[in-house]
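Right, one structure below, let's go through it.
The values are calculated or read from the model by the stated rules, or taken from the named source; none is laboratory data. As the structure is a computational prediction, the values presented were derived from the model and not from experiment. Here Cβ is always computed from backbone atoms with ideal geometry, including for glycine, and neighbour counts include all displayed protein chains. Accessible surface is based on the protein model in full, side chains and every heavy atom, while ligands, DNA and RNA are left aside. Shrake-Rupley method; radii C 1.70, N 1.55, O 1.52, S 1.80 Å.
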Amino acid sequence: MQSDNHIHTHYCPHGSDHIMEDYVKSAIRKGIKRITFTEHAPLVIEDTTPEKDSAMALENVEAYINEGRMLKKKYLADIEINLGFEVDYIEGKEMETVRFLQKYPEMIPYSILSVHFIKLSKDDYFCIDYDKESFLVKIEEVGYEKVTAIYEHTLNLALSRPFKEYTPKTIGHITLIDKFKNSYPFENQIDWSGILKKIKSNGYHMDYNFAGLDKPYYKETYPPEHLVKKAVELGIPLSYGSDAHHPDDVGRYFERSVENG
Ligand SMILES: [Zn+2]
Ligand SMILES: [Zn+2]
């Protein structure tokens, strides 16, 4: 595979300490022709996770961009390097998010819009992918059906071009809600065909995210093969992403792509 469009850096506190250049070198070693850094944009709500380590701090944004630009120039002859963000879609905080994105219009085409947080009630947001324990506690407390219904609702909002021209081009790991699925006996009732149709009709690209293969309670790509195949049938452009948080992750498992057989 020629490009990896979902890569994190040491600017996110839950990543590794490797500098961005290490990811570039790893990509070149693996024969990848294009990479896109998509660091988690600063959160527009207070981080609800225990370590408060979900995203890049606001004061690091300029350093992230400068380091990316420097590498883009330095490696011009070897690899194409693009810069974007992984932006959280946070229901009810659209204005705040647009205000941030307006400052970086050149990053929008390379950015990914993802749902990691769902709004349970006024100012009560829950991070769905933090860990298995907190997810199990939440579905016990709120109900699995309700949690997944709110996720579906939130994903639909994220797919409605919520930031108009500032909406990122790609929708991130659409089946993230299933990250811990092998640790409980339920199956979500989400209308995935409806989600795919919306991706198509609103002109998004789809993050074909291989990080899920390394998640112990998931072990598939986001989304799984049958949905990737459906997306291809619908003519949705796939955006390959390793979701690397370590240089070794760049391009991980791309050879297992459904497009390879
Ligand atoms: Zn991350
Ligand atoms: Zn993500």
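Got a sec? Which of 151, 218, 184, 222 is within 23 Å of residue 82 (Cβ to Cβ) and in contact with a helix residue (DSSP H, G or I) (Cβ under 9 Å, 6 or more places away or on another chain)? Please lay out each step first, then the result.
Values: 151 fails: within 23 Å of residue 82 (Cβ to Cβ); 218 fails: within 23 Å of residue 82 (Cβ to Cβ); 184 fails: within 23 Å of residue 82 (Cβ to Cβ).
Being within 23 Å of residue 82 (Cβ to Cβ) and in contact with a helix residue (DSSP H, G or I) (Cβ under 9 Å, 6 or more places away or on another chain) holds for just one of 151, 218, 184, 222, which is 222.
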Quick one: residue 187 ticks every box in (1) farther than 28 Å from residue 101 by Cβ; (2) acidic (Asp, Glu); (3) surrounded by 15 or more Cβ atoms within 10 Å (Cβ to Cβ) bar one, so which box is it?
-> (3)
Could you check how many residues of region 1-27 are touching a strand residue (DSSP E or B) at 6+ places or on another chain (Cβ under 7 Å) and open to solvent by 20 Å² or more (accessible area, probe 1.4 Å)?
-> 4
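Only one residue in 214, 207, 178 is closer than 26 Å to residue 8 by Cβ, open to solvent by 60 Å² or more (accessible area, probe 1.4 Å), within 16 Å of ligand 2 (Cβ to nearest atom) and not hydroxyl-bearing (Ser, Thr, Tyr), so which one is that? Give the steps one after another, and end with the answer.
Details: 207 fails: open to solvent by 60 Å² or more (accessible area, probe 1.4 Å); 178 fails: open to solvent by 60 Å² or more (accessible area, probe 1.4 Å).
Every option except 214 fails the conditions.
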Considering (1) more than 20 Å from residue 19 (Cα to Cα); (2) touching a strand residue (DSSP E or B) at 6+ places or on another chain (Cβ under 8 Å), say which one residue 65 fails and leave the rest.
-> (1)
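Within region 123-145, take every residue that is closer than 12 Å to residue 90 by Cα and either of a type in the set (Ser, Thr, Tyr) or out of contact with any strand residue (DSSP E or B) (no Cβ under 7 Å at 6 or more places or on another chain) (or both) and give me the one that is least open to solvent (accessible area, probe 1.4 Å). Can you show your working first?
Of all residues in region 123-145, those closer than 12 Å to residue 90 by Cα come to 123-127.
After this cut, where a residue has to be either of a type in the set (Ser, Thr, Tyr) or out of contact with any strand residue (DSSP E or B) (no Cβ under 7 Å at 6 or more places or on another chain) (or both) as well, the list is 123-125.
Values: 123: 101, 124: 61, 125: 20 Å².
Once the filter is applied, the top-ranked residue is 125.
Quick check on my filter: what residues within region 235-261 are away from ligand 1 (no atom under 16 Å from the Cβ) and open to solvent by 70 Å² or more (accessible area, probe 1.4 Å)? Walk me through how you get there before you give the answer.
First, the residues of region 235-261 that are away from ligand 1 (no atom under 16 Å from the Cβ): 235-240, 251, 253-261.
Within region 235-261, 255, 256, 259, 260, 261 meet the criteria.
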